[in-house]
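Engineer: I have a structure here, written as structure tokens, and I will follow up with some questions on it.
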Amino acid sequence: MPTALPRSKVKQSQTWNAESVFPSPEAFDAEIRSMLESLPAIKAFQGHLGDGPDTFIEAMTAMDGLSQRAMKVQVYATMSSAVDATDQQGAELNSKATSALAQVSAATSFVDPELLAIGEARLRQWLADDPRLKLYEHYFNDIFRKQSHVRNAEVEELLGMLRDPFNS
């Protein structure tokens, strides 16, 4: 049975282009720091989603941007760790990404419980009154479909934080 080559012996042209995601592990680390520094701005929306469609859209825009950044971090870490399970640098990158994503998940965990508290009737009225919210109609439908599985904000935050140890 042929033995797999270590990544260091594989031609660069036959590997994932991790540099297209982040030019270096240092850039990856900088993005994680930046993401974590942005979490208080996300948490500032907690308790205010019901202020109206403008606040809701502003919050969702900020969270969507953070989610895109988090997925980029995850992709880079996965590229590094999935290639060679014995690569310590890849494992370290994956660990950093998992920890950061758990913190992001915990910081944004207030959204579903808060939307459920706002209520379906009010959110449906927002949908009817503001065409910008059409983008979130499926999201609202899904929240109310699964509402029996959504816990209060504190429990949801704890579940978000547990993402890190449970992934280990």
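The values are calculated or read from the model by the stated rules, or taken from the named source; none is laboratory data. What you see is a predicted model, and the numbers here were worked out from it, not measured in a lab. Cβ placement follows ideal geometry from the backbone for every residue including glycine, while neighbour counts extend to all protein chains displayed. We work out accessible area using only protein heavy atoms, side chains counted, and drop any ligands, DNA or RNA first. Shrake-Rupley method; radii C 1.70, N 1.55, O 1.52, S 1.80 Å.
Engineer: Which pairs do you get when a residue that is part of a loop (DSSP other than H, G, I, E, B), found in region 109-133, comes within reach of a residue that is surrounded by 19 or more Cβ atoms within 10 Å (Cβ to Cβ), reach meaning Cβ atoms under 6 angstrom, with the pair 6+ apart or on two chains?
Structural biologist: Pairs found: S109/E156; S109/E157; S109/G160.
Engineer: Same structure, new question: Please go through region 20-44 and pick out each residue that is outside any helix (DSSP H, G or I), open to solvent by 20 Å² or more (accessible area, probe 1.4 Å) and touching a residue at least 40 places away in the same chain (Cβ under 8 Å). Give the steps one after another, and end with the answer.
Structural biologist: Within region 20-44, the first condition is being outside any helix (DSSP H, G or I), and the residues that meet it are 21-24, 38, 44.
Still in the running and open to solvent by 20 Å² or more (accessible area, probe 1.4 Å): 21, 23-24, 38, 44.
The answer is V21, and nothing else.
Engineer: Considering only region 78-102, how many residues are open to solvent by less than 40 Å² (accessible area, probe 1.4 Å) and either among the hydroxyl-bearing types (S, T, Y) or within 14 Å of the chain's Cα centre (by Cα) (or both)?
Structural biologist: Step one: of region 78-102, the residues open to solvent by less than 40 Å² (accessible area, probe 1.4 Å) are 79-81, 90, 93, 97-102.
Next, only the ones that are either among the hydroxyl-bearing types (S, T, Y) or within 14 Å of the chain's Cα centre (by Cα) (or both) stay: 80-81, 97-102.
Residues in region 78-102 being open to solvent by less than 40 Å² (accessible area, probe 1.4 Å) and either among the hydroxyl-bearing types (S, T, Y) or within 14 Å of the chain's Cα centre (by Cα) (or both): 8 in total.
This table checks each residue for (1) touching a Leu at 6+ places or on another chain (Cβ under 6 Å); (2) farther than 30 Å from L127 by Cβ; (3) not hydrophobic (A, V, I, L, M, F, W, C).
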| residue | (1), (2), (3) |
| --- | --- |
| V21 | no, yes, no |
| E26 | no, yes, yes |
| D29 | no, yes, yes |
| I32 | no, yes, no |
| M71 | no, no, no |
| A77 | yes, yes, no |
| A82 | no, yes, no |
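Engineer: Please go through region 45-78 and pick out each residue that is touching a residue at least 12 places away in the same chain (Cβ under 8 Å), closer than 30 Å to G119 by Cβ and hydroxyl-bearing (S, T, Y).
Structural biologist: Of everything in region 45-78, just one residue is touching a residue at least 12 places away in the same chain (Cβ under 8 Å), closer than 30 Å to G119 by Cβ and hydroxyl-bearing (S, T, Y), namely S67.
Engineer: Being free of Cβ contacts under 8 Å to residues at least 40 places away in the same chain, aromatic (F, W, Y) and either buried (at least 16 other Cβ atoms within 10 Å of the Cβ) or within 16 Å of E37 (Cα to Cα) (or both): is that true of F140 here?
Structural biologist: It is true that F140 is free of Cβ contacts under 8 Å to residues at least 40 places away in the same chain, aromatic (F, W, Y) and either buried (at least 16 other Cβ atoms within 10 Å of the Cβ) or within 16 Å of E37 (Cα to Cα) (or both).
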